[in-house]
Structures are given as structure tokens and as C-alpha cells.
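The values are calculated or read from the model by the stated rules, or taken from the named source; none is laboratory data. Just so it is clear, the model here is predicted, and its values are computed rather than measured. Virtual Cβ from ideal backbone geometry, glycine too; neighbours counted across all protein chains shown.
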Amino acid sequence: MQRASFYIPVACALLLALLGPTLSPYLSDLVVKVMILSIFALSLELLVGMTGLVSLGHAAFYGIGAYATVLGSGKEGGSIALLLPLAMGCAAAYALVVGALSLRTRGVYFIMVTLAFAQMAFFVFHDTALGGGSDGIYMYIRPTLGALDLESSRVQFYFVLASLVFTYALLALIRRSRFGAALAGIRVNEQRMRAAGFPVYGYKLAAFVIAGALAGLAGFLLASRDGVVNPELLAWHNSGEVLLMIILGGLGHLRGAVIGAVAFTLLKELLSTHAIVGPLADHWQLTLGLAIIAFVALLPKGIIGIAARISPRGAA
């Protein structure tokens, strides 16, 4: 239902805002991590779920946003007003280049070209002094803006929450706009949209750049949280993980992207904790893989599909 699709996210955001001060340092840090990954997942949802473009190189924009934040801050630190647009702008600029070339291909070729561009970006940071090599680079001072100091865990929590609300609201507006309707049409039948006179290439490129910019936002938040970045952020397995998140949550739903990020992160956390699973924690990659296979087999429409089974209108 449309009301549920509005009230549930609002209620979750308000609940997080109220619970923020009561969380332990561990839980607060975990929630911040989940929210950042939710933004990352939402950015890919714009491509895969809303436009039908399966990219295996999305982590490149995430990593570029993170690196731009650390490199831009220097030893003296930097302002959020400068570093945030820098991170999103650098990610969007690379997305423009990648999209302009990769969108001329389709299907598996598109997937492979996006992966190739991501690997190119990975090796730029991995093999040059610019990115500090395989060790990465550290942020000396986290970004600030007046009273907003991301050195404070509480300020960081609410800034990330506000960023998640902004990203979700933006994509919800896009989905309900003429632009979003065109993307949905492209996903269903690109040839028909082209025959109807829509500039399909331009729409897809715009979606690709917006998705890249939002991934850059997630990269900015990650760098500000961790204070360190390394080339692994751009690696192909990060692109694979975020793709798993939106599939796990349920493709085609903004809430599904967030649910998938939450589920994937919690599964990873639980299955790698000795206190919970014992010796199996040493083999968490295996158990995580089996768990995801089970989820996909039992819930082909993702976790959000559970609501559809209970009520046909529940997953709207």
C-alpha cells in the first residue's frame, strides 16, 4: 500500500533518531555501518531495480567517493561543505565516463564493461602513490562544518541518518516522477520506449550518473566513519556484495534495498561471531553463502516478498 510505503520508512527513521543516544558504542557503530551500506544499496537499486541495468562495477564509485574525501581533506582536515560535493562530484564524473561508454552495450557485455572500468579504477589506487598502494591512506582530521564535527560519534550517527533519509526520499521522488516512469518503461521494454520517441540513452545515462553520485555519498560517509580507505573498497567483490543485498531484500523496492543491507550485514556479523556459532565462525564465508542460497531459494522475491505472501498489497 502507498500509505505503508510512506509511513513505515518514516517510522523507522524516527525510531532510529530516538534510539540513537541510548545505543552502546558497538551498536551505534553497527547501525552507522548498516545505514551507510543502505545508501550504497539504494544507489544500485536505482540502476538494477528501477532501470534494469545490472552493474558489476558499482563499488568503483563508492571507493572513488571515499578516496576523494581523504585526499581532499589533507593534513589540515576539510569542511563537509567542500568534501561532500567533492566526493559525490568525483564519483559522478567517473560514472559519466563509464556510463557514456558502457551503455552502448547490453546484457552480459554491459556487466563485463562496468566490471572492467571498476578494475581499472582499483589498480589506479592500488598500484600508484596517489592512493597509498595496497595499504591505503589515513584521514588525519574528520570533516567538520560549524557545530557539525564528524569526530563525534553522535554527530556522525545523525549525519548518516539524515543522509539515508535524503537518499531514500530522493529515490522515492524519482520513482514517482516522469523521469522515474520513463526508467520503469525502459526496464520493461526498451525498444518500445525508443519507438515512442524517448531518448533512452540519455535517461539511462542520467540514472547511471545519479547512482554514481549517491554511491560517492556512501563513500564519503564511510571514509568519515573509518578514517582510512584502501583499494579493497573498489574491488569487484564489494560490487557483488551490494548486488546481493538488493536481491536479498527484494528487487524493485526501495525498502527492499534497505532490508537487504540490514539482513546481509547482520548475517555477516552473526555468522562470524564465535560466541554465537562457535567454530563455524572461522568459516563464515561458507555459512554466509549457504544462508544466502537458502534465502534466495525460499524467497525468490526477496525478504520483502514475505509481506506479499501475507497480504497481496503488503509489499507495495
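Points worth noting:
- Output for region 115-132, where each listed residue is touching a residue at least 60 places away in the same chain (Cβ under 8 Å) and not hydrophobic (A, V, I, L, M, F, W, C): 119, 126, 131, 132
- Complete set of residues in region 207-249 that are of a type in the set (Gly, Ala, Ser), crowded, with 18+ Cβ neighbours inside 10 Å and assigned to a helix (DSSP H, G or I): 207, 211, 212, 213, 215, 216, 218, 219, 223, 224, 239, 249
- Boolean, residue 260 is modelled with pLDDT of 85 or more, crowded, with 17+ Cβ neighbours inside 10 Å and assigned to a loop (DSSP other than H, G, I, E, B): no
- Candidate set from region 154-192 (those that are part of a helix (DSSP H, G or I) and of a type in the set (S, T, N, Q)); member that is nearest to residue 213 (Cα to Cα): 167
- Region 193-216 residues that are free of Cβ contacts under 8 Å to residues at least 40 places away in the same chain, paired with ones that are charged (D, E, K, R) and surrounded by 15 or more Cβ atoms within 10 Å (Cβ to Cβ) (beta carbon under 7 Å, 6 or more apart): 200/190
- Filter result (under 19 Å from residue 133 (Cβ atoms) and touching a Cys at 6+ places or on another chain (Cβ under 8 Å)) within region 42-66: 64
- Which listed residue, of 65, 74, is under 15 Å from residue 89 (Cβ atoms), touching a residue at least 12 places away in the same chain (Cβ under 8 Å) and not hydroxyl-bearing (Ser, Thr, Tyr): 65
The rows are residues; the columns are (1) within 19 Å of residue 222 (Cβ to Cβ); (2) outside any helix (DSSP H, G or I); (3) at pLDDT below 95.
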| site | (1), (2), (3) |
| --- | --- |
| 6 | no, no, yes |
| 35 | yes, no, no |
| 65 | yes, no, no |
| 72 | yes, no, yes |
| 84 | yes, no, no |
| 89 | yes, no, no |
| 94 | yes, no, no |
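- Beta carbons closer than 6 Å, at least 6 apart along the sequence or on distinct chains, pair a first residue in region 149-171 that is closer than 16 Å to residue 88 by Cβ and modelled with pLDDT of 95 or more with a second that is in a helix (DSSP H, G or I) and among the polar types (S, T, N, Q) for 164/38.
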